[in-house]
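Undergrad: The structure is given below, and queries will be raised subsequently.
The values are calculated or read from the model by the stated rules, or taken from the named source; none is laboratory data. These numbers come from a predicted model, not from an experiment. Cβ sites come from the backbone with ideal geometry, for glycine too, and all protein chains shown count toward neighbours. Heavy atoms of the whole protein, side chains included, go into the accessibility calculation; ligands, DNA and RNA do not. Shrake-Rupley method; radii C 1.70, N 1.55, O 1.52, S 1.80 Å.
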Amino acid sequence: MTAKKKASKKKAAAKGPAGSTPAPARAQRGADGVYPETQILSRNFGVEDSWTLAVAREQGAYTMLEKALATMTPAQVVEEVKTSRLRGRGGAGFPTGVKWGFIPQDSKKTKYLVLNADESEPGTFKDRYLMELDPHLVLEGCLLCAYATGLDVIYIYIRGEYPLSITRMEGAIEEARQAGYLGKNILGKQGFTVEAHVHPGAGAYICGEETGMLESLEGKRGHPRIKPPFPAVEGAFGCPTVINNVETLAHVPCIIEFGGAWFAGLGIQPDPANPRALGSSGTKLMGVSGDVKNPGVWEFEFGITLRELIYDYAGGPLDGRKVKAVIPGGLSMPVLTAGELDVPMGYDALQKVGSGLGTATAIVMDDACDMVEACENIAHFFADESCGQCTPCREGCHWMEKIFARIKAGEGTPKDLDLLEHLFVNIEGRTICALADAAVWPLRSILRKFRHEFLAQMPGQSDPALPAGSAAVGAR
Amino acid sequence: MADNKPTITIDGQVLAYEPGQTVIQVAHEAGFDVPHYCYHPGLSIAGNCRICMVEVDGWPKPQVSCKLQPSPGMVVHTQSALAKSARAGTMEMLLVNHPLDCPICDQAGECHLQDYSYQLGQGEASSTTAKTKLPKNVAFGEKIVYDAERCIKCTLCVRFCEEITQTNELAMSGRGDHEIVIMTSKGEFDTAYSMNIIDLCPVGALTSRDFRFKSRLWFMDFTESLCTGCARGCNVVTGGRDGAMLRMEPRANAEVNQWWLCDEGRLDYAHVNGADRIASPRIKTADGVWVQATVDDAITAAAVALREAGGDVLLDGGCTLEEMLLARDLAKVMGGKARYAAATGGGDKFLRVDERGANAKGAEGLGLARATKAAAAAVVIVERDAHVPAALRDGAAPVVVFATDAASVPASARVVFPHGSWAERDGLLVNTDGRIQVINRNPAVGPDNIPATADVLEEILGELDPAYDWRGRGGLHAALRSESAFAKAQFPAMQSAGVGVGA
Amino acid sequence: MSAFEASAPAAPPVPASFPPKELRQACDEIVARYPTRMAACLPVLHLAQKHFGGWISPEVEAGVAAYLEVSDSHIRGLLTFYAMFNTRPSGRHEVWVCRTLTCWLRGAAGLRRTALAKAGVDRCGVESPDGRFLVKDMECLGLCEVAPAVFIDGAPHTEVTTESLEQLMDACE
C-alpha cells in the first residue's frame, strides 16, 4: 500500500533539489484566508519513484550529509539542531538537540541510534508516508544524527504492520550501503563508520514507548523500563542510545540546508513569559482521519488551527453531519469539542486548552458517534495494549473497559461515573510509563465533556440539560 | 549528622543514607513499614507493583520508593494523603481480579495481600464486574503449583530464575490483565533451588505441593533453626504441628545463605516424621526382650553397661558441639576416643557443599577423627542413616545407642535412648566456613518428652565419673571456649543468626 | 482428579530442527546484526512463522529457542505478547480487521461481523472449521486516512466495505 497521495490546495514548497533552493518563507494566510501548506519534508512525496536512490539523489538526497561531513564538526551539527529548537515529533515534544547532548562522548561503548518507526499511536500514519515515499531522507537524517553524536549502529524499529515501510527502508539501506553512505569511513570521512538495520516489530503499541522499544529490540517483551538510567546513558544493550522519531530526524537535513535559525523562525515562537512554553518551531506533518470527507496528511508550519486543518484540508464533516469531538493528536490526548477547534496546532497552544499536540494527527468524531461506545472502544484499546507490568494500568484499563461496556448495555448508574473518576485518579501518574496516562486523558475528557450522553444511557436517568435529539446516535 | 553522610527526611525523621541505597531501604532500616510486593533486596528492581509509593516534596506524582534514589535534603512522606491514597488505589487494583479465596489458600496468615489490604483497603467493594479467569492448579515441576488468578505479576519468581539460578525456566506470558507466569515446556526446573520462588511469592500464587493443604499457619509453631542437610548451615525456620514437621523455609542471613535454601534441604525431613521414631528409652532384658524404661533407669542401665564394655564413641556428624564435647569426655572416661561419621557429596557452586555432616567442622575443632570404616564403639549416636550407615553402626557393636529411628539400632544394643532430630534439639553447629550457629528445638515437632541427648550424656558421665560436675549449657559453652579451636570464636546467643569465627 | 490437584505437565515437545536449510542463511544474517542472539528473536520468529504455515508450534518454538540460546518459555512469552504471532494453527488465510477508533468510526464493526460470518466462527482468534480462515481483531494498523483497513495474508486493503470484504474473502482458496 503506497501512501495515499492527495491533491494539495496551496503550497509554499522548497522547489527543486535540496541545496539548490532558497529557504521557504513563512506561511501567510492568503487572500481567501486559507493557511498554505509548506512542503519541506514532503517535497518529494509527489515525485515518481521517490524512494529509489537514483531519484532521491536527483532531488538532492545526501547532499546535506556531504555538507555536514565536509564543513561542520559534530558539535556544530548538534548546535545547529539546538538552535533550530526542533522538538520531538513522536508525541512528547522533547527538544532534540538537548537529547543529543546527553550522549556521553567519553564512553568507550558502542553507541546506538534507535529510530522510533513504530508509529503505533492510533490515528497516526505520518511516518509511514516518510518511510514509503522518502526513505533516503529518513536515512540521511539518521546519518546526520549519527555524525553529530558519534553513533556506530542505527536500528530502525518499524512496526510489523508496515510491510511496505519495511521493504522501502531495507531497500534504501541496501542502496545507501552500496553507494557508500553506510559502512566504513562514509564518504571518505575517516572514522565515520555506521551500520544500519531494520528491526521489525510484531504488534504491540507499547513498543512505541522508547524503553519498551529498547526491550523489544533486545528480543524481549516490550515492558517499559523504569528510569533512571536514561537511554542516553544506558539504552540498547546497556550502551548509550539516542531514540528519535522518524519525522524528527527527517527534519535534520533541512535544518542543515537552511540553518537552525531559519527553522526556529518558522512556526510558533517560545513564550518568554512562560519558560515551559518552548515554542513549536518548523513544520510538521499533520493528519486527519475519522468522520471527514478527505482524510489525509499534509505538511504545515505550526500555527494552522485545528479547525482549518479539518475544514480546509480534510474537507470537513461528511454530508449532513456535524463535527462533535476531535482528538487532536493520536488517541492519547484529551478530546476537544466542536466549539474548541480554533486552537493553533502547536505544542504549547494545545496544552493550554487542556489537550496536547501528540502526533498532530487528529481523529474526528461526528454527531453520529455514540460517545459511550467510543469510550468502550478506546478503553478496549488501552486494556488490550497495556503491557501488564504495572498494577494500576494492567488492572485499571480493563476495569474501565468493563464499566463502559456495562453503561453501554444499559446497566450503568451515575455511581459508575464516580467510580470512573476514582479510577482515573488511581491510574494516571501511578505507573512506569505514560500508557496509563494516555488511557485516562481521552476517556476522562470525553466523560466530562459529554456526561449527558452517559446519563442518557442509564435507566431512569434523564438530564434536563440534554439538548433535544443529541443522544440520537447511530449504532456503529 | 554523624560522618557528614548525606541525609533525607522521612516522615520528619532525618536519616543518613549510603550512596546506592534506595528510599525504601533507608526507610526499612529506620523501621518504617513501607509495604512492598515486587521489591526484594536480593533481586533487581522491577518497580511494577506500585504499592511502595511515597510522596516527595516538590514532585507532583507519587514515587515508588523501591527505585527512588535519595538526593541530599529530599523530603519523603510515607503517610501523607497522597501516599496513602496512591497505595490504597493500587491495593484496590490488585484485588479487583483477585479471587479472594483466602479460606482455601495456603498463604493465608502470611500473605502480604491480606496484610496490606487490612491496612489500606476499604470496607466497600467498588467492582461489581466479573473477574478475569486465568489458569489455576498449574504444575511448575513436581514441587510447585501455580495459580494465575492469585498472582499479582510482581515477577519475583521470574527474576529469581533469571538472576539467581540463571536457569530461566519461567517467563511472563500474555499481555495486560491476561499476563501470567509460564514455565518451560520441559516441565521441570533445571535448578535445585526452585522452591525459593514459593517463599518469594508475596501472595498464594505459588504453593508447595509438599505443604499444600496440610495446615493453617496459625495452628503451627515456628522456630528459627538451621538446615542440617549439608555443612552450609543455611538459616531456616521450621514449622511443626502435633508432633510432625510440616515445612521448612529459609531465613535471611547475608553471610551464609542470603535469602535462599536448596530444595533438597527444604524437603529433607522425612526422618523427622518417620513412622519408626523412638519415643522413649528402652532396656533389653536378660532374656533379650525390649522394655520401655524411665530416663533415670535407662541412664543407670547405660552406666552399668558402659562400665563393663568401655571403649569408643561413634557419633553422627550432625550432632551439636555440646553433644560432641560430651561424647569426647565420655570416651575419655571409658578409655577410648570419640569419632564422627558423615556422608559427603552433592555439592554445587551455589549453596550446597560436599560435606554433609552439619557439624563436621565442629568435630574437627574438637579433634575428633572421622570414621570411615567399621570399628568397635561402646556408644553410637545416630540421627541420619546416611551419616552413620548400617555397616558402621553394626560394625561398632555398641551397647548404648542414641537413635532417632528404631531401624538404626544395631542388634548389639542393650540400652537405647531416643535421639531427637535436629528440629527437636538445641545446640551449636559449626558450618563449613567455621561460623558457629544455633539450632533450636521446635516444641511442636517430634515425640513428646524425649530427653535431650546432651543431658543424658552428662548424666551418664556423672554416673561413670564421680568427680564430674554437672555443667549444663553455660558450663559446656565455657568449656568449648577454652578449646583452642574455638578460643577466638564468637559464640552466638541462642536464638540468633550466628556469628563468624573471630579470624 | 480432584479440583485441588494440579494438572500433570504435558510431555515436552520435541524441538523442530531450526533453522531449516532454506532459512539458514537469512537467520544467520539476522543474528549477525545484533550484539546478542536474543535480539534476533522477533525477526527470526517472523521468518519462522511464515515458513511453518503461519503459526509457531511448540516444536518450532523449542527449535527457535535452541537456535537463539534462550529458554522456550522466553519465546512463548514473546509469542503471546506480540499480536502478530500465532501459537495455534492460523488457517490458510489470515484476516486482520482493524478495530481501533478511526476504523471503528468508519465501519470496522460491520467488517468484523462480515469476516466472522464468512469464516463461520463466532469470535476472533480461532481457525475456521474448514481451516480456511483465521480472523483476528487487530489494534490500529496505521492506515487511518484510508480507513477502514483490513489485512489479508499480510497485504493491506483499504476503504474496505462489507461487500468488498466478502469479495476479497471469496477470492481466498
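Undergrad: Could you name the lysines whose alpha carbon sits less than 20 Å from that of A:Lys449, not counting residues in the same chain fewer than 8 places away?
TA: By straight Cα distance, A:Lys449 reaches A:Lys322, A:Lys324, A:Lys352, A:Lys408, A:Lys415.
Undergrad: Okay, next question. Mind checking which lysines have their Cα closer than 26 Å to the Cα of B:Lys488? Skip sequence neighbours fewer than 8 apart in that chain.
TA: By straight Cα distance, B:Lys488 reaches B:Lys332, B:Lys337, B:Lys361.
Undergrad: Sticking with this structure for a sec: Hey, how many Å between the Cα centroid of the stretch A:195-258 and the Cα centroid of the stretch B:348-407?
TA: Between the Cα centre of the stretch A:195-258 and that of the stretch B:348-407, the gap is 62 Å.
Undergrad: Given 5 Å bins starting at zero, what is the percent of C-alpha pairs of the stretch A:143-290 in each, up to the one with the largest pair distance?
TA: 2, 8, 13, 16, 18, 18, 15, 7, 2, 0, 0
Undergrad: When the Karplus curve 6.51 cos²θ - 1.76 cosθ + 1.60 is applied with θ = phi - 60°, which whole-Hz ³J(HN,Hα) does each residue of the stretch B:141-153 get, with x for Gly and Pro?
TA: Karplus values, whole Hz, x for Gly and Pro: x, 7, 10, 10, 10, 10, 10, 5, 6, 7, 5, 9, 6.
Undergrad: On to the next question. Would you please name the trypsin sites (Lys or Arg not before Pro) within the stretch C:8-87 that are DSSP coil residues with at most 16 other C-beta atoms within 10 Å of their C-beta?
TA: Sparse-neighbourhood loop trypsin sites (Lys or Arg not before Pro): C:Arg33, C:Arg37.
Undergrad: In percent, how large is the relative contact order of chain A, given Cα pairs closer than 8 Å and 6 or more residues apart?
TA: On the way: 981 pairs, mean separation 69.3, N = 476.
Rounded, it is 15 percent for chain A.
Undergrad: Distance in nm between label sites at B:Lys214 and A:Lys322, each 7 Å beyond Cα in the beta-carbon direction?
TA: 7.3 nm
Undergrad: Taking every DSSP beta bridge that has both residues in chain B, what percent is antiparallel when rounded to the nearest 5?
TA: 70 percent
Undergrad: Please calculate the 1.4 Å probe accessible area of B:Met183, with all protein chains present, and give it to the nearest 10 Å².
TA: Counting only protein heavy atoms, B:Met183 exposes about 30 Å² to solvent.
Undergrad: If each of B:Gln166 and B:Gln490 carries a label point 7 Å out from its Cα toward its Cβ, how far apart are those two points in nm?
TA: Placing both labels 7 Å along Cα→Cβ, they lie 3.1 nm apart.
Undergrad: Show A:Val353, B:Val388, A:Val47 ordered by accessible area, largest first, where the area counts protein heavy atoms only and the probe is 1.4 Å.
TA: Descending order: A:Val353, A:Val47, B:Val388.
Undergrad: What longest region of chain B stays clear of trypsin sites (Lys or Arg not before Pro) that DSSP places outside H, G, I, E and B and that have at most 15 other Cβ atoms within 10 Å?
TA: The longest such stretch corresponds to B:217-348.
Undergrad: Suppose a student asked you for the relative contact order of the stretch C:3-81, using Cα pairs under 8 Å spaced at least 6 residues apart; what percent would you report? Can you show the working numbers first?
TA: Numbers: 63 pairs, mean separation 28.4, N = 79.
Normalised by residue count, the contact order of the stretch C:3-81 is 36 percent.
Undergrad: Measuring from label point to label point, each 7 Å out along Cα→Cβ, what is the B:Lys332 to A:Phe94 span in nm?
TA: Those two pseudo-labels are separated by 7.3 nm.
Undergrad: Would you check the accessible area of C:Val126, probe 1.4 Å, heavy atoms only, in square angstrom rounded to 10?
TA: 30 Å²
Undergrad: Note down the relative contact order for the stretch C:55-173 as a percent, whole number, built from C-alpha pairs under 8 angstrom at least six residues apart. Please list the in-between numbers first.
TA: Details: 188 pairs, mean separation 30.5, N = 119.
That works out to 26 percent.
Undergrad: So if I take the centroid of the Cα atoms in the stretch B:152-231 and the same for the stretch B:249-292, what is the distance between those two points in Å?
TA: So the separation of the two Cα centres works out to 25 Å.
Undergrad: In terms of Cα to Cα distance under 22 Å, which lysines are near enough to A:Lys67, apart from those fewer than 8 places away along the same chain?
TA: Once the sequence-local lysines are set aside, what remains near A:Lys67 is A:Lys15, A:Lys82, A:Lys184, A:Lys189.
Undergrad: Output the 0 to 90 degree angle, nearest 10, between the alpha-carbon long axis of helix A:74-84 and the longest principal axis computed from the alpha carbons of chain A.
TA: Value to nearest ten degrees: 40.
Undergrad: Sticking with this structure for a sec: Round to the nearest 0.05 the FRET efficiency obtained for B:Thr372 and A:Ala179 when R0 = 60 Å and r is the Cβ-Cβ distance.
TA: Approximately 0.20, to the nearest 0.05.
Undergrad: Against the longest alpha carbon principal axis of chain B, how many degrees, from 0 to 90 and to the nearest 10, is the axis of helix B:321-333 turned?
TA: In chain B, helix B:321-333 runs at an angle near 10 degrees to the longest axis.
Undergrad: What GluC sites (Glu not before Pro) does the stretch A:360-442 have in DSSP loop regions with at most 16 other beta carbons within 10 Å?
TA: Listed in order of number, the matching sites are A:Glu411.
Undergrad: Can you say what percent of the DSSP beta bridges in the stretch B:282-500, counting only those with both residues inside, are antiparallel? Round to 5.
TA: 40 percent
Undergrad: Which value in deg cm²/dmol, rounded to the nearest 500, describes the helix-derived mean residue ellipticity at 222 nm for chain B, given -39,500 (n - 2.57) per DSSP H run of n ≥ 4 and division by the residue count?
TA: Rounded to the nearest 500, the figure is -6000 deg cm²/dmol.
Undergrad: Right, next: Need the per-residue list for the stretch B:132-150: every residue with at least 40 Å² less accessible surface in the complex of protein chains than in the chain by itself, probe 1.4 Å, sorted by number.
TA: Output list: B:Asn137, B:Ala139.
Undergrad: Next question. Rounded to the nearest 500, what is the 222 nm mean residue ellipticity of chain A from helices alone, with -39500 (n - 2.57) per DSSP H run of 4+ residues and division by all residues? Please report the intermediate quantities before stating the final value.
TA: Working: 17 runs with 171 residues, N = 476.
It comes out at -10500 deg cm²/dmol, rounded to the nearest 500.
Undergrad: Mind checking the per residue accessible area of the stretch A:371-456 for me, 1.4 Å probe, whole number of Å²?
TA: Dividing the accessible area of the stretch A:371-456 by its residue count gives 26 Å².
Undergrad: May I ask for the distance between the Cα centers of the stretch A:170-188 and the stretch B:429-457, given as a whole number of Å?
TA: The distance from the Cα centre of the stretch A:170-188 to that of the stretch B:429-457 comes to 74 Å.
Undergrad: Where does helix A:391-408 land angle-wise versus the long Cα axis of chain A, in degrees 0 to 90, nearest 10?
TA: 50 degrees
Undergrad: I would also like to ask the following. What does DSSP give for the protein assembly as shown in terms of the percent of beta bridges that are antiparallel, rounded to the nearest 5? Spell out each step's value before the answer.
TA: Working: 69 of 119 bridges.
That works out to approximately 60 percent antiparallel.
Undergrad: Using a Förster distance of 51 Å, how high is the FRET efficiency between B:Ala391 and C:Glu69, based on the Cβ-Cβ distance and rounded to 0.05?
TA: Numbers: r = 47 Å, r/R0 = 0.92.
Given R0 = 51 Å and the Cβ-Cβ separation, E is 0.65.
Undergrad: A follow-up question, please. Only sites in a loop by DSSP and with at most 13 other Cβ atoms within 10 Å count here; which trypsin sites (Lys or Arg not before Pro) in the stretch A:297-371 make the cut?
TA: Numbers: sites: A:Arg307, A:Arg321, A:Lys322, A:Lys324, A:Lys352; in loops: A:Arg321, A:Lys322.
Here the trypsin sites (Lys or Arg not before Pro) that fit, given the DSSP loop and packing criteria, are A:Lys322.
Undergrad: Please give the direction-averaged projected area of the C-alpha convex hull for the protein assembly as shown, in square nanometres with one decimal.
TA: With the hull built on Cα positions only, its mean projection is 53.5 nm².
Undergrad: Ignoring ligands, DNA and RNA, what percent of the accessible area of chain B is carbon or sulfur (1.4 Å)? Don't skip to the end; give the middle numbers.
TA: Numbers: 10020 of 19590 Å².
With neighbouring chains kept in place, the figure for chain B is 51 percent.
Undergrad: Sum -39500 (n - 2.57) across every DSSP H segment of at least 4 residues in chain C, then divide by the residue count to get the 222 nm mean residue ellipticity, nearest 500.
TA: After summing the helix terms and dividing by residue count, I get -11500 deg cm²/dmol.
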